[in-house]
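**Q** Got a structure for you, written out below as structure tokens; questions coming shortly.
The values are calculated or read from the model by the stated rules, or taken from the named source; none is laboratory data. Please read all numbers here as calculations on a predicted model, not as lab measurements. All Cβ positions, glycine included, derive from the backbone under ideal geometry; neighbour counts span all protein chains shown.
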Amino acid sequence: MISLYISHPSWMHRVPAGLKLLSLMLISITLFPVTYLWGMVIALTLTLALYASVGKPALLQLRLLTPLAPLFLVIFLMQSWSVGWLEASILLLRMLILIMLANLITLTTRMDDMMSAITPLFVPLRIFQIDPKRIAFAVTLLIRFVPVLMAVIQHLMEAWRARGGKKQIWKLAIPLTIQSIRLSDHVAEALAARGGISASPKTRVVHDESR
Amino acid sequence: MTGIPITVQTLGVMLAGVMLGPWRGALSMALFIFVVALGAPLLSGGRGGLGVFYGPTAGFAIGFPFAAFAAGYMAIWLRRLPVFPATLMAAIFGGILVLYLFGITGFKIISGRDWLDATLVMAVFIPGDLVKALIAASVAQAVAKGLPDAIMTRRS
């Protein structure tokens, strides 16, 4: 399964996804006016405590933050140069806290729970004749085909190595593109043969009323 | 290692636009970035989740659909030209010009820098993306020979 989700249960897992997303929004709004370094340090401590309360797997996932380090350094140097190290630290701490909190939601929320928390936001799309269920279906298809395409890439790499691996590796992008287009055509045909992704009768009625 | 890892990510954006056309390209990228937000670690270096949208490179992620749209639109506009130059220019327009517009704006908002500084920081990655535009154009040219119908921006 491709997901950052931690299956080890914790109290954070039991909080409804919508509530977690709403809290993140509120926290990001409240953190923006904070201009004291100690305020940020307290917030960071609380965030770390939150990670600790979820458990060791969550703390281990803090390594997700390491790719950000070089860019953080660049921002810190530039900001220190122009507005001082204190402002720079506050800005970066705020960014770090929000990234950590957002990641924590991702770690403790299953993707389908997240999806069902967000789906109500798609309801207005009915005006444009788009059924929110179609979006859910597209999401499922995408997730399903990630491992399939990974396998295609792996096969291409193996064949490339078997041939000696000398030619430029970027050329694998050509068969990869052709195979993914063929694959998507096949899936589309298979879907059409099974009657397509038709809207449920109930939503059809909604469409009819809106006309 | 860099903050915005040099990967094939933008190659995907360019190809989506050039191969699928503006609307499908943009929708495919919107779907992709939506699934990333849901928690799939599909970005370079296994990144994903909501944290992406609070980081210094959030602008790039948000710009993906717009960049694909721009690339697709440009490819249609240039479809009378031979495949390689048309798709190369489309990839540069969408995958670099438009994408960096979003990326630099996002970086500027998040880092509090002015336009010039934000642009200078991000400019480091442009050479790599130019190479990717060349690859996108080569892929499009090869696909145009093998599967001519697959390039939606060149259907008459």
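**Q** Please work out which one of (1) surrounded by fewer than 16 Cβ atoms within 10 Å (Cβ to Cβ); (2) among the polar types (S, T, N, Q); (3) under 18 Å from B:G51 (Cβ atoms) is the condition A:T47 fails and give its number.
**A** (1)
**Q** Something else about it: Of the residues A:S53, A:S89, A:S28, which single one is in contact (Cβ under 8 Å) with a residue 12 or more places away in the chain, surrounded by fewer than 15 Cβ atoms within 10 Å (Cβ to Cβ) and either within 13 Å of chain B (Cβ to nearest Cβ) or assigned to a helix (DSSP H, G or I) (or both)?
**A** A:S53
**Q** Can you find a residue that is in a helix (DSSP H, G or I), more than 13 Å from chain A (Cβ to nearest Cβ) and among the β-branched types (V, I, T) anywhere in segment B:59-66?
**A** Initially, segment B:59-66 is screened for residues in a helix (DSSP H, G or I), giving B:59-66.
Pick out the ones that are also more than 13 Å from chain A (Cβ to nearest Cβ) and you get B:62-66.
Those still in the list that are among the β-branched types (V, I, T) too: B:62.
Yes - at least one qualifying residue is present in segment B:59-66.
**Q** So which helices (runs of 4 or more DSSP H) are wholly in segment B:90-147 and hold at least 1 residues that are farther than 19 Å from B:F53 by Cβ and touching a residue at least 24 places away in the same chain (Cβ under 8 Å)? Don't jump to the end; show me each part of the working.
**A** Values: elements: B:99-111, B:115-123, B:126-146.
By residue number, B:126-146.
**Q** From A:T66, A:T47, grab the single residue that is among the polar types (S, T, N, Q), free of Cβ contacts under 8 Å to residues at least 12 places away in the same chain, more than 8 Å from chain B (Cβ to nearest Cβ) and in a helix (DSSP H, G or I).
**A** After ruling out the rest, the residue left standing is A:T66.
**Q** Let me ask something else. State all residues of segment A:10-24 that are surrounded by fewer than 16 Cβ atoms within 10 Å (Cβ to Cβ) and either of a type in the set (D, E, K, R) or modelled with pLDDT under 85 (or both); if no residue qualifies, say none. Let's see the steps before the verdict.
**A** Keep residues of segment A:10-24 that are surrounded by fewer than 16 Cβ atoms within 10 Å (Cβ to Cβ), which gives A:10-11, A:14-16, A:18-19, A:22-23.
Scanning segment A:10-24 gives a single hit, A:R14.
**Q** All but one of (1) within 30 Å of A:Q79 (Cβ to Cβ); (2) within 14 Å of chain A (Cβ to nearest Cβ); (3) surrounded by 22 or more Cβ atoms within 10 Å (Cβ to Cβ) hold for B:G25, so report the exception by its number.
**A** Result: B:G25 fails condition (1) only.
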